[in-house]
Structures are given as C-alpha cells and as structure tokens.
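Let me begin by presenting the structure, written as structure tokens, before commenting on it.
The values are calculated or read from the model by the stated rules, or taken from the named source; none is laboratory data. In this text the structure is predicted, and so the values were computed from the model without any measurement. Cβ atoms come from the backbone with ideal geometry, glycine included; neighbour counts cover every protein chain shown.
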Amino acid sequence: MHIVLSLFYFSYFALVGVYIMFLPNALVGLEYSKSEIGIIYTAAPFMRFLLPFVFKHYIELTHKVYTFALLFTFVGATLFIFSVNNFYLHFIVNLIFGGAMGVVLPFVETISLQRLSKSLYGKIRLWGSVGFIVIALWLGEVNASPLETIYYLSAMALFTFLFGYFVLQFDSNEKSESGVDDKSFSLKKYWAFWSSIFLMQVAFGGFYTFFTIYQEEQGVTTQIISFLWSFGVICEIVMLYFQGRLLEGNLLTILKVATLITAFRWLLLYLYPTSLFLTFLGQSLHAISFALYHTAAITYVFTLYRQKQLAQQFFLGISFGLGGGVGAFISGYLYGEYLFLIESIITLFAFIMLLVHDKRKSQSLSID
C-alpha cells in the first residue's frame, strides 16, 4: 500500500509540475498572449470550485466515478496534443482535465488519511514533492519544445491513471460523515476567513501562471528556473517534515504570520526582479507561504466544522479553485512590471480579513 500511494503522489504532482511550470511557457512558444494564458489557466481552478457543490447535491463519489476521473485525466492530457493550436478548443479540454484532476486527488487523500497514521501520511505525501522536483530538474535540463512538453504531460497522466487505479484496492469505503447534516454547513458564518483564503490564492495565481515567464524575461535560463522551482519545493519538504510542533500552537496566529511573510515574498519579486539571490530567498519562503500555511489552514478548517470532508472540499474549491482561477485570469491582464506588487497588496488584504475573522470569532465566543 505504501509503495502504491507513494508512486501515485509522485506521478500526480509530477503531472502538476509539468502543467504549472512548463506548459505556460509552451503556450508562449505557440504565440498565445498573456491574457489568453491567464484565461486558459482559469479552467482547472474553476472546475475545482464547482465540484464541491456538485458532489454535495447531485453526485456520490463512487469507485466508478473515481475511475472515470482517472481516465479523463489521461484523456484530457492527451487531447492537449490536438487542441493546443486552437484557443477555444484548448480551453474546453482544460475544463475536462481540471475537472477530472479535481476528483482524483481528494479521493486518494481520503484513503491515505483513513489508512495511514499522521506521521506516516506526511512521509508518503512527500513523494509528491519529490515528483515535482524531479520533473522540474529534468524538463529544465532537456529544454523541451512545446509539443514535447505535452508528451511529458501525457506520460505523467498515464502513470497517474495506472497507480491511481491500484489505489482503489485500499479503499475501505467508509462514510465517516454519515448522519451529519450537510444542510447545516455554512460559509457565511466564517465569511472573513473564507475571504482570506480566497484572496491568498488570488495572489498566488500570478505566481503559478507567470513565474517561469517572468524569470525568463529577466534573462534567467530555463535550467536555473527549474532550480528555483525545485529549491522552493525542497524548502517545502523540510517544513512539512518538521512542522509538527509549530502546529501544536495557535493555528490562526500561524496563518496571520504566514500571510504577512507571503506579502513580503511577492514584494521582493517586485523590488528586485533581476536579483537571483533574492529570488532564491523568496523561493525559500515557500516553506512558510505554502507548506506551513496550507497545513495550518486545512487543520484549522477541520476544527471549524462537523462536516470534515465537505469542509476540506470547500477549502480546496474556494482557495485553489476559485481563488487560483481568479488569480490566473486577472494576472493575464495585469502581467507586467507591477504584477507582484499587486499580488503583495492583495495578500495584505488577506491578512486584514484574518484579523476581522479573529475579532468576530472572539466576540462570538464571549457571547456564548
């Protein structure tokens, strides 16, 4: 079981790595405009945002649905080969691809959390970061053409399909939330918190979509850019391995600090775009702005709601889905000298929303 799960995470996040790090640059090579790239990269997050609502009201996530999602992850990646020269067709294929991937990961995560201890889960989950690094270093070295990049995407999707299918045998098919009334689930009660995580990922949208392009325009080679991505993920791995004691503290305080540090990270990219040293320094902050923030956020969401699985679906949908999609869309139009300054300002607003949430929650507790 451990080997299969490790191989799945390795393949899945290698697939994500190709999609985030190298496919945007491939689209530039195919003469897509920055705004068109931004629109294309709203497709997958948009589907991720819609999925929690669909599964809440209309569809049950069964083995059959999961298997179809695995299949369409591979089919969607393969269809990129034929759709990439047509903007509208490519957007539609991205919707299919993004929707399928949005089903696959939560299903496997549920199995992992059911079957593994917390400490072992972290060690298995780290193979996803390893896959991300390996593909970053490899594609950075070979300097693949746009079409070759899509071939790599398809290959990683095929491995994801195969290992993901073998994961099914470990599903206990337990419904731990049976009997919990989904209708009582409310986003409005903690609107300031949800607004904060949304804004945080809006700011990340420009980074994920345009960081590679931004660095190339500063004269940085593809190989060095792959080192930058890999360095950030290495720092992420270190944080994931050692963050246990930090998470025993006040989670909301951790989120506030991580959000402020993220605002500083984007400000560094704006103020010193040509400094490779400070760019590496900024990437080191990925340990806090992604790894620590993400783990603290999902843990904090877990404490807020009785409907644990549904809350996690909405966390992914509102943050990486809606937030990431809006971020990718607007960054395509904002791209230029001030992109990361604007991202820094947006992140500061995310911090303010956390302050509002903290105050409202404290007032609610005092009334109770």
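Observations on the structure shown:
- Filter result (surrounded by fewer than 22 Cβ atoms within 10 Å (Cβ to Cβ) and either touching a residue at least 40 places away in the same chain (Cβ under 8 Å) or within 20 Å of Val18 (Cβ to Cβ) (or both)) within the range 79-88: Leu79, Ile81, Phe82, Ser83, Val84, Asn85, Phe87
- The criterion of at least 1 residues that are closer than 26 Å to Phe10 by Cβ is met, among helices (runs of 4 or more DSSP H) falling completely within the range 221-284, by 222-242, 276-284.
- All positions within the range 214-246 that are more than 14 Å from Leu126 (Cα to Cα) and touching a helix residue (DSSP H, G or I) at 6+ places or on another chain (Cβ under 6 Å): Gln215, Thr222, Gln223, Ile225, Ser226, Leu228, Trp229, Phe231
- Candidate set: the range 123-162, residues that are in contact (Cβ under 8 Å) with a residue 40 or more places away in the chain and among the β-branched types (Val, Ile, Thr); chosen: the one surrounded by the fewest Cβ atoms within 10 Å (Cβ to Cβ): Val134
- Hits in the range 290-302 - residues which are crowded, with 16+ Cβ neighbours inside 10 Å and touching a residue at least 40 places away in the same chain (Cβ under 8 Å): Phe290, Ala291, Leu292, Tyr293, Thr295, Ala296, Ala297, Tyr300
- The listed residue being surrounded by fewer than 23 Cβ atoms within 10 Å (Cβ to Cβ), closer than 20 Å to Ile225 by Cα and either assigned by TED's automatic domain parsing to the domain that holds Gly249 or of a type outside the set (A, V, I, L, M) (or both), out of Phe264, Phe351, Phe340, Phe277: Phe277
- Taking (1) modelled with pLDDT of 85 or more; (2) surrounded by 16 or more Cβ atoms within 10 Å (Cβ to Cβ) in turn, Ile92 satisfies each apart from (2).
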